[in-house]
């Protein structure tokens with residue numbers, strides 16, 4: 001099953017993002033009781049506040065409080081050896097680092113993840129932050145104060161695990177590892193995942209999970225690296241992915257939805273002059289945003305992209 | 001009478017509707033359905049239930065004789081397997097509108113998404129806007145009227161259902177053929193559309209099964225393509 005949600009503001013009010021996504025996820029909880037997560041773009045541009053990065057890091061699975069604390073120190077030590085760390089915030093098995101300076105994403109990931117096999121950089125970007133964990137949307141909010149998160153746009157996900165493990169790494173949203181500020185949420189089953197995975201592993205790409213949804217970010221990183229625009233990459237994905245999917249993907253500047261060619265999975269869109277909101281079920285839109293707007297279901301095979309508020313400030 | 005649905009569970013809303021009907025109410029309005037699923041299912045009395053807002057999946061499924069009005073959009077499976085009765089959706093409908101319906105009417109003022117009228121067994125499905133991927137897939141009997149454009153793979157693998165399209169037909173499904181509407185078809189279309197205050201976008205086209213897939217034929221091109 002799974003439930004996905006997305007929200008992009010057109011007019012500001014950055015405080016709205018966390019609250020709105022949380023309300024949508026709470027309404028979608030029955031579709032995905034295993035895990036919950038959000039990806040929020042703060043609106044910080046690559047140009048302003050040069051060299052401000054945020055890394056969200058999973059310290060490990062099932063760590064005791066003492067182990068988590070120790071791991072956090074180790075991770076902090078590694079990070080500090082690479083660039084200045086401005087702020088540290090630990091929440092259970094996760095830590096959030098605010099960093100200053102230029103970051104080589106692959107080197108940073110390799111170094112931090114070298115601390116232990118179950119350490120993972122969950123997101124790394126100048127605008128994007130991913131907060132996710134096993135449990136309900138309410139628990140996610142209790143852990144990470146989702147309702148306090150601010151930004152220009154965001155994605156959310158509630159997970160019903162179908163073919164892979166239930167843990168933090170396997171939950172969504174998925175950051176596109178190695179590609180700053182790009183994340184996706186997916187409902188469905190990409191049936192040529194194993195074939196795509198073999199191809200990418202042959203090129204040396206690391207997969208962190210056995211979850212087919214992870215391949216979306218890996219595919220986008222590959223296509224963008226080959227010179228595709230975000231739009232071209234999404235159209236190509238719609239053509240190349242087999243199976244059932246509605247997925248949402250975003251960069252700092254663009255917010256997009258993609259539907260498979262058979263219309264296997266539901267996705268409802270609502271748009272006003274103030275915002276765009278997308279969710280697997282209309283209940284989520286009504287719970288978060290009330291009445292007073294119409295909704296539509298995009299046809300099968302739709303690829304649709306909206307510019308975000310960050311794009312507007314070019 | 002009115003039912004305020006906001007604080008009620010789906011089960012409580014449906015129980016309230018049933019209780020109202022048992023009390024002899026014939027005009028029931030449900031306020032703030034908030035797009036929840038499975039509302040107004042299996043209503044078999046000749047009452048009118050109006051939902052003031054969008055509904056979720058399977059609204060009006062398994063009904064007979066009842067009349068349902070949805071003043072918003074409907075999610076997947078609106079009116080699925082209904083025996084009779086009438087449903088009117090003011091907005092659009094999700095996948096599988098009227099799936100396996102057996103009788104009565106289902107009117108969607110907006111557009112319908114994929115697989116509208118899938119496996120339909122009777123009755124009339126009327127769509128004011130466009131219809132989605134594989135509309136009429138494996139539909140057996142009954143009539144589908146689309147005032148706007150057909151979607152991809154229209155009328156794929158159909159049986160005796162007839163589809164009338166007022167707009168464009170950009171793509172046909174397996175074994176679907178376009179034919180001329182008869183005089184009585186055109187009369188039916190004209191009176192049905194005016195009864196529901198709808199208009200075709202252009203000239204009516206009729207889409208029916210080519211009947212090549214009803215029985216296996218070894219050399220048939222249709223079979224080679226379909227398989």
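Can you name every residue in the range B:169-179 that is part of a loop (DSSP other than H, G, I, E, B), more than 14 Å from chain A (Cβ to nearest Cβ) and within 21 Å of residue B:200 (Cα to Cα)? It would help to see each step written out before you state the result.
Residues of the range B:169-179 part of a loop (DSSP other than H, G, I, E, B): B:169-171, B:173-175.
Within this subset, residues satisfying the condition of being more than 14 Å from chain A (Cβ to nearest Cβ) are B:169, B:174-175.
If the condition is that a residue be part of a loop (DSSP other than H, G, I, E, B), more than 14 Å from chain A (Cβ to nearest Cβ) and within 21 Å of residue B:200 (Cα to Cα), then B:169 is the only one that fits.
For the range B:67-118, which residues satisfy the criterion of being more than 15 Å from residue B:35 (Cα to Cα), over 11 Å from the mean Cα position of the chain (by Cα) and surrounded by fewer than 24 Cβ atoms within 10 Å (Cβ to Cβ)?
Correct list: B:67, B:83, B:84, B:110.
Results for (1) farther than 22 Å from residue A:308 by Cα; (2) loosely packed, with under 15 Cβ neighbours inside 10 Å, shown as yes or no for each residue.
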residue: A:9; (1), (2): no, no
residue: A:17; (1), (2): no, no
residue: A:22; (1), (2): no, no
residue: A:63; (1), (2): yes, no
residue: A:68; (1), (2): yes, no
residue: A:83; (1), (2): yes, no
residue: A:91; (1), (2): yes, no
residue: A:101; (1), (2): yes, yes
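Of the residues A:148, A:178, which is in contact with a helix residue (DSSP H, G or I) (Cβ under 8 Å, 6 or more places away or on another chain) and over 25 Å from residue A:113 (Cβ atoms)? Give the steps one after another, and end with the answer.
Working: A:178 fails: over 25 Å from residue A:113 (Cβ atoms).
Residue meeting the stated conditions: A:148.
Collect the residues in the range B:104-113 that are at negative phi, more than 14 Å from every other protein chain (Cβ to nearest Cβ) and in a loop (DSSP other than H, G, I, E, B), keeping them in residue-number order. Write out each step before concluding.
Going residue by residue through the range B:104-113, those that are at negative phi are B:105-113.
Imposing the further condition that a residue be more than 14 Å from every other protein chain (Cβ to nearest Cβ) reduces the set to B:105-107.
Residues satisfying the conditions do not exist here.
For the range B:54-88, enumerate the residues that are within 12 Å of chain A (Cβ to nearest Cβ) and more than 25 Å from residue B:24 (Cα to Cα).
Once the filter is applied, which keeps residues that are within 12 Å of chain A (Cβ to nearest Cβ) and more than 25 Å from residue B:24 (Cα to Cα), the range B:54-88 yields B:54, B:56, B:57, B:72, B:73, B:74, B:75, B:76, B:77, B:78.
Take the residues of the range A:285-295 that are at the interface with chain B (Cβ under 8 Å from one of its Cβ atoms) and surrounded by fewer than 18 Cβ atoms within 10 Å (Cβ to Cβ): which is farthest from residue A:254 (Cα to Cα)?
Ranking the candidates gives A:291 first.
Would you list the strands (runs of 3 or more DSSP E) that sit entirely within the range A:195-314 and hold 2 or more residues that are farther than 19 Å from residue A:2 by Cα and in contact with a strand residue (DSSP E or B) (Cβ under 6 Å, 6 or more places away or on another chain)? Lay out the reasoning, then the answer.
On the way: elements: A:243-250, A:254-259, A:268-271, A:275-279, A:303-307.
Filter on the range A:195-314 gives A:254-259, A:275-279, A:303-307.
Counting only residues that are within 13 Å of another protein chain (Cβ to nearest Cβ) and over 26 Å from residue B:223 (Cα atoms), which one in the range B:132-158 is surrounded by the most Cβ atoms within 10 Å (Cβ to Cβ)?
Going through the qualifying residues, I end up with B:148.
Scan the range B:19-26 and give yes if some residue there is surrounded by fewer than 18 Cβ atoms within 10 Å (Cβ to Cβ), away from chain A (no Cβ under 14 Å) and either on the phi > 0 side of the Ramachandran plot or touching a strand residue (DSSP E or B) at 6+ places or on another chain (Cβ under 8 Å) (or both), otherwise no.
Quick first cut of the range B:19-26, residues surrounded by fewer than 18 Cβ atoms within 10 Å (Cβ to Cβ) only: B:19, B:22-26.
Subset that is away from chain A (no Cβ under 14 Å): B:19, B:22-26.
Applying the additional criterion that residues be either on the phi > 0 side of the Ramachandran plot or touching a strand residue (DSSP E or B) at 6+ places or on another chain (Cβ under 8 Å) (or both) yields B:24, B:26.
Looking for residues that are surrounded by fewer than 18 Cβ atoms within 10 Å (Cβ to Cβ), away from chain A (no Cβ under 14 Å) and either on the phi > 0 side of the Ramachandran plot or touching a strand residue (DSSP E or B) at 6+ places or on another chain (Cβ under 8 Å) (or both), one finds at least one in the range B:19-26, hence yes.
No lab work stands behind these numbers, since they all come straight from the coordinates. Just so you know, these numbers come straight off a predicted model, no measurement behind them. Cβ: placed from backbone, ideal geometry, glycine included. Neighbour counts: every protein chain shown.
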